[in-house]
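The next block holds one structure in the form of C-alpha cells; read it before the comments.
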Amino acid sequence: MNRERLLKDLHHYERKYWLRGITRVAGLDEAGRGPLAGPVVAAAVIFEPDVSIPFVNDSKKLTEKRREELYHLIREKAITVGVGVVSHDVIDRINILQASMLAMNKAVGQLKVQPEQLLVDGNFFRHEKFSVENIIKGDSLSHSIAAASIIAKVTRDSLMREYDQVFPHYGFAQHKGYGTRDHIAAIHRHGFCEIHRRTFHVPVLNEHALTIDA
C-alpha cells in the first residue's frame with residue numbers, strides 16, 4: 001500500500017463527519033495503562049480537514065526517534081492539542097480504567113477549540129457533552145487518534161525520564177515503568193518508590209533471574 005493510499009485510509013472515520021459539515025473532529029488516545037509505575041497520560045488532537053502528516057500511525061509501531069519527530073510536526077500542524085495527566089496515586093484510588101477516562105476528559109478540557117465529535121481509541125469512553133465514536137484499534141485506523149497516541153506516548157516517556165533522575169535505581173528512562181524483568185528485579189531489591197502503583201500486581205522473579213540482573 002503506497003503512502004497516499006495509507007493516508008487516505010487513515011482519514012476514513014474523520015471524513016464521514018467532514019462530509020456532514022462536522023469539521024472539528026478530535027482524536028483521543030492514552031498511554032500508560034499497563035505500567036507498574038508513573039501516570040497515565042491522554043491526548044486529544046484536532047486537525048483541519050484533510051491535513052495529513054506522513055508516517056503518523058499507532059505510536060507503538062514507531063521508533064522513539066520517529067515519535068519525537070512526529071510529536072513536533074503534530075504540535076505544529078494541529079489546530080489544537082490537549083493533554084491530560086493522572087498520577088499513580090489517583091490510579092490506585094479509582095482504578096486504571098477510571099483514571100484513563102479521567103485523563104481523556106482532562107485532555108478534551110485542554111483543547112482550545114471546542115470539538116464537535118470525538119474519535120476515541122478503544123470501546124469504553126463516554127463524554128457528558130460531546131458525541132463519541134469509540135474505535136477498537138483506532139490508533140491504527142484514524143489519523144487523528146494516531147496523532148493523539150503519539151502525543152500521549154511522547155509526553156509520558158518524557159515524564160518517566162524525569163522520574164528516572166529522581167529515582168535512579170529503577171531504570172525508568174529505559175522501560176518507562178513497564179514490567180520488564182529488570183524493573184521487577186529492581187522492585188524486589190529496593191521496594192516500591194513513590195511513583196509505583198501499589199494496586200498493580202508485581203510478579204515474583206525466581207532466584208536465578210534476580211542473580212543475573214544483580
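Annotation: Val120 fulfils all but one of (1) in the same structural domain as Glu14 (by TED's automatic domain parsing); (2) among the hydrophobic types (A, V, I, L, M, F, W, C); (3) in contact (Cβ under 8 Å) with a residue 60 or more places away in the chain; (4) farther than 16 Å from Val81 by Cα; the unmet one is (4).
So that you can scan it fast, the table gives a plain yes or no per residue for (1) more than 15 Å from the chain's Cα centre (by Cα); (2) of a type in the set (Asp, Glu):
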| site | (1), (2) |
| --- | --- |
| Ile22 | yes, no |
| Gly27 | no, no |
| Glu30 | no, yes |
| Pro35 | no, no |
| Ala42 | no, no |
| Ile46 | yes, no |
| Phe55 | yes, no |
| Leu62 | no, no |
| Lys65 | yes, no |
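The condition (being over 30 Å from Glu194 (Cα atoms) and free of Cβ contacts under 8 Å to residues at least 24 places away in the same chain) is satisfied by just one residue among His72, His11: His72.
Could you please let me know if Asn134 is among the polar types (S, T, N, Q), within 19 Å of Leu10 (Cβ to Cβ) and surrounded by fewer than 21 Cβ atoms within 10 Å (Cβ to Cβ)? When the stated conditions are applied, Asn134 passes them. None of Ala26, Ala99 is buried (at least 24 other Cβ atoms within 10 Å of the Cβ) and free of Cβ contacts under 8 Å to residues at least 60 places away in the same chain except Ala99. Of the residues making up segment 49-74, just one is hydroxyl-bearing (Ser, Thr, Tyr) and loosely packed, with under 15 Cβ neighbours inside 10 Å, namely Thr63.
One residue stands out in segment 173-208 among those that are part of a loop (DSSP other than H, G, I, E, B) and among the polar types (S, T, N, Q): the one that is farthest from Gly32 (Cα to Cα), namely Asn206. What residue, of Ser59, Ser87, is assigned by TED's automatic domain parsing to the domain that holds Ser142, hydroxyl-bearing (Ser, Thr, Tyr), in contact (Cβ under 8 Å) with a residue 12 or more places away in the chain and under 25 Å from Glu194 (Cβ atoms)? Every option except Ser87 fails the conditions. Quick check: is even one residue across segment 154-170 at pLDDT below 95, within 20 Å of Pro39 (Cα to Cα) and more than 13 Å from the chain's Cα centre (by Cα)? No: zero hits. Inspection of segment 101-109 identifies no residue that is modelled with pLDDT of 95 or more and part of a loop (DSSP other than H, G, I, E, B). Residue-level check: of (1) among the small types (Gly, Ala, Ser); (2) in contact with an Asp or Glu (Cβ under 6 Å, 6 or more places away or on another chain); (3) at positive phi, Gly138 misses just (3).
The values are calculated or read from the model by the stated rules, or taken from the named source; none is laboratory data. What you see is a predicted model, and the numbers here were worked out from it, not measured in a lab. Note that each Cβ is placed from the backbone with ideal geometry, even for glycine, and that neighbours are counted across all protein chains shown.
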